Amino acid sequence: MESRYHPTEIEPKWQASWAKQGLDTTPEDTRKPKFYALSMFPYPSGSLHVGHTRNYVITDVIARLKRMQGYRVLQPMGWDAFGLPAENAAIQRGIHPAAWTYTNIAQMKEQLGLLGLSIDWSREIATCSPEYYRWTQWIFLQFLEMGLAYQKEAAVNWDPVDQTVLANEQVDNQGRSWRSGAKVERKLLRQWFLKITDYAEELLADLEQLTGWPERVKTMQANWIGKSVGAYLEFPIVGLDAKIGVFTTRPDTVYGVTYVVLAPEHPLTPQVTSKAQQKTVAEFIAAVGAESEIDRTAEDKPKKGMPTGGKAINPFTGAEIPIWIADYVLYEYGTGAVMGVPAHDTRDFGFAQQNQLPIQTVIVPEGSDPKTPLTAAYTEAGVMVNSGEFDGQPSSAGKQAIIAKAEQEGRGAARVQYRLRDWLISRQRYWGVPIPVIHCPHCGAVPVPEADLPVKLPEDVAFSAQGGSPLAKLETWVNVPCPTCGESAKRETDTMDTFIDSSWYFLRYADTQNPQKVFDSAKANDWLPVDQYVGGIEHAILHLLYSRFFTKVMRDRGLLNFDEPFQKLLTQGMVQALTYKNPKTGKYIAPADIDADHPQDPATGEPLDVFYEKMSKSKYNGVPPEEVTSKYGADTARLFTLFKAPPEKDLEWEGADVEGQFRFLNRVWRLVSEYIEKAQGKKRSVKGASLPKAEKELRRAIHIAIKETSEDLSGDYQFNTAVSELMKLSNALGDAQDKTSAVYAEGIETLLLLLAPFAPHISEELWQQLGHSESILCQAWPQIDLEALVTDEITLVIQIMGKTRGTLPVPANASREALEQLARESEVGQRYLADKAVKKVIVVPGKLINFVL
């Protein structure tokens, strides 16, 4: 046997062998329990770094483990392939988005292949493939038929650089586009929406089912859905046969409403504006229209408002109150109007003080004087005052009393409201799924017949950085006959938000080759839900929420029989690497361009900040996986990403740590090599045999490793401590005196079996060298022999007056009296107890003995 470990020789050999044997192909035998292991599929950006690969390695270890534990496993892979970067590449490089995308897919697939991932590539999908997006369009038509897809004119986030609409989630906290970095504007466009709000309550309530999800993620989703319980109240407008509807969680404060505020874009705004205020209101609306939603609602920015000159009536006091417009009220949120209660809302208090609006106290702490002037809004519960018939009531009870009165008198009603809004899916770009609708001047919006799907993207398209979607300019594609009446009509030129593609891809994996259906329901219901989903925390809201929404809609369509798509979720931490940045210019510098001992900007000579930051192309700190695999092998790269930190924590990439894992694998190689040279053919049964003490201790170490590793790989996966257990076992084997015994043979094979999911190539090579013909990956996961865990001897801690003074090996079954005698006779006992009067002896069997003097 080769005495040295050469990973670059053995890894390609075994990858080819596994592919030939079809070991990664998904089994069809439904007699075994199923396990669906899935990594969030990547966007094909061009190349991977080891930060990306952590996700896939984690999933692969789980998949390999489950196969060894007797499950039939589905571990597929695909590509989230639509999106703006491909279109930008087309503009910048003069290459079609499809060509750019498929070139990147080929490169990234080759990189993934280096890692020895047990992926069933026969189920590979790319969301940009017509064979896939045909079914994305079909799903949209189901939403349309169910009344869950609709079109309306709405104020949208407009990226002036990329010339497209952005979802709210695609605008950062500074009001800039997450893609181009441009300052986002507000613009009215006719857009397509999906009615996710119809599922708001179920999406919120069913978070309780997700016991295998991190609490942090569930909290983020609950906050995003944002359920509020309160009242809908109506304020009549003076001089108009119209009312302003508001939602409030504090109906108990309605007697303190001293003004109402409309969103500037509210349809009632022009109706309530007086002639004297028309010019200033129009100017204010124009100024606010140029601001992003983030700017308008930022907590730390002063709130701007303008009186309209109109008046409303507080329906409970009968008083006329002014109608204002303000930047912080958005038409798309709630009713597009709010009631101003400055005495009991912090924002309203500041706005009223700023604009000299009246402040009326209607809730006070019990026992306090309601006439005491307020220096800040009182927002807690208390006693109602200045509230007519409700004076003296606790405000908590007043909420329900006010709602009852509003319902009785036709002024309002109890209502539940959600922060979640319908999902805007229209995008004015080319590289996405065409929305399968035709606009006819006679028939309206007509769905494309299912038989005509997919509506394919045309290829003869001119790309430009300006001017909206290229599709809208291609008349040969746009102009078509109406499917209903045959008259001249036009295609919808918007494409779908790419989050649509990733909201159902995990369902298609169950039946990727089906040309007749989106998937066979029997197959989907067999494999789904996903048992273990692995991906980044950055997808906690959007992708995961949308996937849950799609699953529930398709369940209601009769296609699925489950409620939630992902049973367990692991959000892996990021991989960070040393990063060099000029603090004055903000420019990142590539490590290859500097002297690591004296990091300076090569252009200016200025000193650089050196710190760990998430791997990224833009920061020049990404490490390609092939850089590691070419030197150390895939198994070393895999072990490093698993050992350095718990899976949910960030880890810092360091060459010395990679070297440490390589040394460990070399140690395993030597252990097996030496065993093969000395003891081949000397195996015999060890269970039930009478073993000498050293052999018993080694066998106990073997089965402790099985126990601890198995526990680390169940529940919350702790790969780092599992690898640590393998290192302990290798140390125990290295320290063994008899390397030809049956127990040692058991230890060698157990080490390889436990190592196989983590480092499959070296495990397979050594397994075959031991004389096995069947792949190690087809072997059963080692089982614990509980008898082997029983110890004949324990280490007893000896304490004097509660302080540990030493330890003593003693028989495990020794009585209290025997333990006391052994401790007294020991060297520690002789030293500390001689000539001392012992007042009391405390014995904790199996652990310690404490002498009180």
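The values are calculated or read from the model by the stated rules, or taken from the named source; none is laboratory data. Note that the structure is a prediction, hence the values are computed from the model and not measured. Backbone-built Cβ (ideal geometry, glycine too); neighbour counts: all protein chains shown. Surface accessibility is based on the protein's heavy atoms, side chains included, excluding ligands, DNA and RNA. Shrake-Rupley method; radii C 1.70, N 1.55, O 1.52, S 1.80 Å.
The gain in end-to-end length when the residue 413 to residue 678 segment is fully stretched comes to 86.8 nm, 0.36 nm per residue minus the alpha carbon separation. Cross-link candidates for residue 584: which lysines have Cα within less than 22 Å, leaving aside residues fewer than 8 places away along the same chain? List returned: 614, 617, 619. Dividing the C-alpha radius of gyration of the stretch 562-663 by 2.2 N^0.38 Å, with N its residue count, gives 1.33. Considering only 747, 729, 628, and ranking their Cα positions along the charge dipole of the stretch 606-759 that arises from unit charges at the beta-carbon of Lys, Arg, Asp and Glu, the one farthest toward the positive end is 747.
Whole number in Å², please: accessible area per residue of the stretch 744-812, 1.4 Å probe, ligands, DNA and RNA not counted.
Per-residue value: 39 Å².
Between the alpha-carbon centres of the stretch 391-421 and the stretch 269-292 there is a gap of 32 Å. Per residue, the average separation of C-alpha pairs within less than 8 Å and at least 6 apart gives the chain a relative contact order of 14 percent. Using a/c under 1.5 as the rounded threshold, could you call the stretch 642-753 rounded, prolate or oblate? The axes a ≥ b ≥ c are square roots of the C-alpha gyration tensor eigenvalues, and prolate needs a/b larger than b/c, oblate otherwise. Taking the square roots of the gyration eigenvalues as a ≥ b ≥ c, the stretch 642-753 is oblate.
Measuring only protein heavy atoms, the 1.4 Å probe finds residue 735 accessible over about 110 Å². The magnitude of the dipole of the stretch 607-670, with charges of +1 and -1 set on the Cβ of Lys/Arg and Asp/Glu and taken from the Cα centre, is near 260 debye. What does the accessible area of residue 121 come to, in Å² to the nearest 10, when a probe of 1.4 Å is used? About 70 Å², rounded to the nearest 10. Spacing of the modelled spin labels on residue 716 and residue 657, each 7 Å from Cα toward Cβ, amounts to 1.9 nm.
One entry in (1) 1.05; (2) 1.20; (3) 1.25 is Cα Rg over 2.2 N^0.38 Å calculated from the shown coordinates; its label is (2). Less than 22 Å apart at the alpha-carbon level, and either on another chain or at least 8 residues along: which lysines does that give for residue 517? Qualifying lysines at Cα under 22 Å: 456, 552. About its Cα centre, the dipole of the chain is roughly 840 debye, where the only charges are +1 on Lys and Arg Cβ and -1 on Asp and Glu Cβ. Here the simple spin-label model places points 7 Å from the Cα toward Cβ, and for residue 20 and residue 803 these points are separated by 6.9 nm. Reported value for the stretch 139-208: 128 Å³ per residue, from the convex hull of its C-alpha atoms.
Here r is the Cβ-Cβ distance between residue 456 and residue 526 and R0 is 35 Å; the resulting FRET efficiency, rounded to 0.05, is 0.65.
Where only DSSP H runs of four or more residues are counted, the chain gives -10500 deg cm²/dmol as its mean residue ellipticity at 222 nm, each run worth -39500 (n - 2.57). For the stretch 428-545, the share of alpha carbon pairs falling in successive 5 Å distance bins from zero is 2, 10, 15, 16, 15, 14, 13, 9, 5, 1, 0 percent.
Can you give me the relative contact order of the stretch 488-615 as a percent, contacts being Cα pairs under 8 Å and 6 or more apart? It rounds to 20 percent for the stretch 488-615.
Straight-distance candidates among the aspartates and glutamates for linking to residue 304, with alpha-carbon spacing under 17 Å and chain neighbours fewer than 8 residues away dropped: 265, 283, 291, 293, 295, 327, 345, 348.
Taking the DSSP beta bridges with both ends in the chain, the antiparallel portion is around 75 percent.
Between the alpha-carbon centers of the stretch 739-809 and the stretch 365-385, tell me the distance in whole angstrom. After rounding, the separation between the Cα centres reads 69 Å. About its Cα centre, the dipole of the stretch 31-126 is roughly 660 debye, where the only charges are +1 on Lys and Arg Cβ and -1 on Asp and Glu Cβ.
On the basis of the beta-carbon distance and an R0 of 45 Å, residue 238 and residue 561 show a calculated FRET efficiency of 0.20. Taking 1.306 mPa s as the viscosity and 10 °C as the temperature, the Stokes-Einstein diffusion coefficient of the stretch 204-358 based on its alpha-carbon Kirkwood radius rounds to 94 µm²/s.
Which of rounded, prolate or oblate describes the stretch 148-287 when judged by the alpha-carbon gyration tensor and an a/c cut-off of 1.5?
oblate
Once backbone amide H atoms are built at 1.01 Å from N, residue 227 has 419 as its partners under 5 Å, excluding neighbours fewer than 5 places away on the same chain. Cα-Cα over 19 Å: which of 803/839; 803/840; 227/399; 195/523; 32/523? Among 803/839; 803/840; 227/399; 195/523; 32/523, the Cα-Cα distance tops 19 Å for 195/523.
Calculate the tail of P(r) for the stretch 1-122: the fraction of all Cα-Cα distances greater than 20 Å, expressed in %.
Summing the P(r) tail past 20 Å for the stretch 1-122 gives 53 percent.
Along the charge dipole of the chain, which of 248, 62, 163 sits closest to the positive end, that is, farthest toward it, with unit charges on the beta carbon of Lys, Arg, Asp and Glu (+1, +1, -1, -1)? Checking the options against the dipole of the chain, the answer is 62.
Can you give me the % of accessible surface on the chain that is carbon or sulfur? Probe 1.4 Å, all protein chains present, nothing else counted.
Carbon and sulfur atoms account for 50 percent of the accessible area of the chain.
With contacts taken as Cα pairs under 8 Å at a separation of at least 6 residues, the stretch 567-607 carries a relative contact order of 25 percent. Length available on full extension from residue 216 to residue 93: 0.36 nm per residue minus the Cα-Cα distance, which gives 40.1 nm. Accessible area per residue was computed with a 1.4 Å probe on protein heavy atoms; residue 446 scores about 10 Å². In a fully extended conformation the segment linking residue 320 and residue 590 would gain 90.6 nm over its present Cα-Cα distance, using 0.36 nm per residue.
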